[in-house]
1. Can you pull out the residues in region 129-153 that are outside any loop (DSSP other than H, G, I, E, B), within 13 Å of the ligand (Cβ to nearest atom) and over 16 Å from residue 176 (Cβ atoms)?
2. Taking residue 189 and the conditions (1) modelled with pLDDT of 95 or more; (2) charged (D, E, K, R); (3) in a loop (DSSP other than H, G, I, E, B), which numbered condition does it fall short on, given that it satisfies the others?
3. State which residue is farthest from the ligand (Cβ to nearest atom) when the search covers only region 50-96 and only residues that are charged (D, E, K, R) and farther than 19 Å from residue 124 by Cα.
4. Could you give every pair whose Cβ atoms fall below 7 Å, whose first residue belongs to region 222-248 and is assigned to a loop (DSSP other than H, G, I, E, B), and whose second residue is among the charged types (D, E, K, R), counting only separations of at least 6 or pairs across chains?
5. Taking the residues in region 63-78 that are among the charged types (D, E, K, R) and buried (at least 18 other Cβ atoms within 10 Å of the Cβ) as candidates, determine which candidate is nearest to the chain's Cα centre (by Cα).
6. Does region 120-155 hold any residues that are surrounded by fewer than 23 Cβ atoms within 10 Å (Cβ to Cβ), touching a Leu at 6+ places or on another chain (Cβ under 6 Å) and polar (S, T, N, Q), and which are they?
7. Can you tell me which residue in region 24-46 is farthest from the ligand (Cβ to nearest atom), limited to those that are over 15 Å from residue 271 (Cβ atoms) and not in a helix (DSSP H, G or I)?
Amino acid sequence: MIGEIGGAAGGEFGGELDLGGLRRVYGTVGHRLFYTLVCRRARHWGWTEPGQSKWRCWRAQRQLEGVLGRKLALPPNARVLDAGSGSGVVARQIAARFGLRVTGVDLMDFHVREARRLSARAALEDRTTFAWGDFHDLEYPDASFDGVYSMETLCHAYDPARALAEFHRLLRPGGRLVLLGPAAVPRAEMPDPQQALLEPYLDAMVLPGARRYTTRTIGGLITGAGFRLEEELDATPYYLPTTEALYAYFRLPYAALRRLGVTEHWLGLRSTVEMYELRHHVAWMVHTAVKDG
Ligand SMILES: C[S@@+](CC[C@H](N)C(=O)[O-])C[C@H]1O[C@@H](n2cnc3c(N)ncnc32)[C@H](O)[C@@H]1O
């Protein structure tokens with residue numbers, strides 16, 4: 001489903017879409033302040049090469065977008081879908097640096113408005129467009145895109161298999177898919193304190209996808225949707241430096257918010273602290289796949 005901003009209520013999707021929950025995650029003032037001021041509107045982690053300083057988080061974010069652009073490996077002017085585009089930071093980077101034409105879809109009307117405004121300000125309106133929509137069910141015709149990517153959004157999917165089937169439908173034969181994001185590492189045993197942290201974290205951040213696949217099963221989901229898996233990369237070592245830096249910056253402020261009992265307004269901060277505390281149970285994966293002709 002795509003459409004005008006706010007064009008449908010959550011219930012119309014059926015399934016398990018938790019639109020209210022996502023609005024709570026992304027709409028609180030604290031969360032929006034965090035992403036605007038700290039992350040310069042990008043809602044994703046970063047990629048640090050060996051030997052680079054972990055403290056340069058904005059550079060790491062630009063490097064991660066560079067990894068995405070290189071894995072897409074598409075010629076200039078190729079049409080690309082950004083599934084869960086947020087404020088459009090990734091779309092603008094991909095458009096400006098790789099010459100691609102990017103269509104972003106997102107469920108948050110305020111993200112879509114912000115993405116349009118920022119693209120206009122960056123004079124990238126001709127290469128980036130943004131629409132309100134659910135990436136499980138979009139109304140674009142079959143084979144509309146040469147590439148599809150998801151930057152840390154599949155973890156929000158209430159039905160990852162259905163979302164991947166939709167990406168497959170939207171790609172032309174030969175089209176390329178790149179998925180970047182966290183996946184749970186299956187372990188025989190998870191110590192109780194971390195188990196106690198994980199479940200409330202997944203609920204608070206509305207991450208149903210993260211419960212539906214692991215590092216072991218996500219590749220099967222991608223091939224099950226009809227793709228040929230070109231590369232399955234465990235990129236955790238490149239992500240960990242950003243995780244460590246953000247934990248160092250925000251551990252104490254978040255502890256103060258915990259004491260005040262107001263953490264629900266500061267989910268971005270919660271993410272920086274709890275993702276680090278859960279680091280032994282999460283891997284950061286980059287999947288590249290092709291829809292064969
Ligand atoms: C972690 S943010 C990533 C945003 C962007 N990719 C970035 O890296 O800055 C996840 C985004 O996915 C969006 N989202 C979650 N579920 C979605 C769905 N089913 N369809 C479209 N967007 C969705 C959220 O509204 C949010 O903007």
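The values are calculated or read from the model by the stated rules, or taken from the named source; none is laboratory data. Quick caveat: nothing in here was measured; it's all calculated off a predicted structure. Heads up, the Cβs are rebuilt from the backbone with ideal geometry, glycines too, and the neighbour counts pull from every protein chain shown.
1. The initial filter retains those residues of region 129-153 that are outside any loop (DSSP other than H, G, I, E, B), namely 129-133, 145-151.
From what is left, the residues that are within 13 Å of the ligand (Cβ to nearest atom) are 130-133, 148-151.
Matches in region 129-153: 130, 131, 132, 133.
2. Residue 189 satisfies every listed condition except (1).
3. Just the residues of region 50-96 that are charged (D, E, K, R), to begin with: 54, 56, 59, 62, 65, 70-71, 79, 82, 92.
Imposing the further condition that a residue be farther than 19 Å from residue 124 by Cα reduces the set to 54, 56, 59, 70-71.
Details: 54: 19, 56: 18, 59: 16, 70: 17, 71: 15 Å.
Restricting to residues being charged (D, E, K, R) and farther than 19 Å from residue 124 by Cα, the top hit is 54.
4. Short answer, once both residue conditions are applied: 226/291; 227/291.
5. The selected residue is 65.
6. 144
7. Per the criteria, the residue is 40.
Residues are listed down the side, and each one gets a yes or a no for (1) hydroxyl-bearing (Ser, Thr, Tyr); (2) assigned to a helix (DSSP H, G or I); (3) at pLDDT 95 or above; (4) over 22 Å from residue 286 (Cβ atoms):
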site	(1), (2), (3), (4)
12	no, yes, no, yes
22	no, yes, no, yes
48	yes, no, yes, no
52	no, no, yes, no
67	no, yes, yes, no
74	no, no, yes, no
85	yes, no, yes, no
112	no, yes, yes, yes
126	no, no, yes, yes
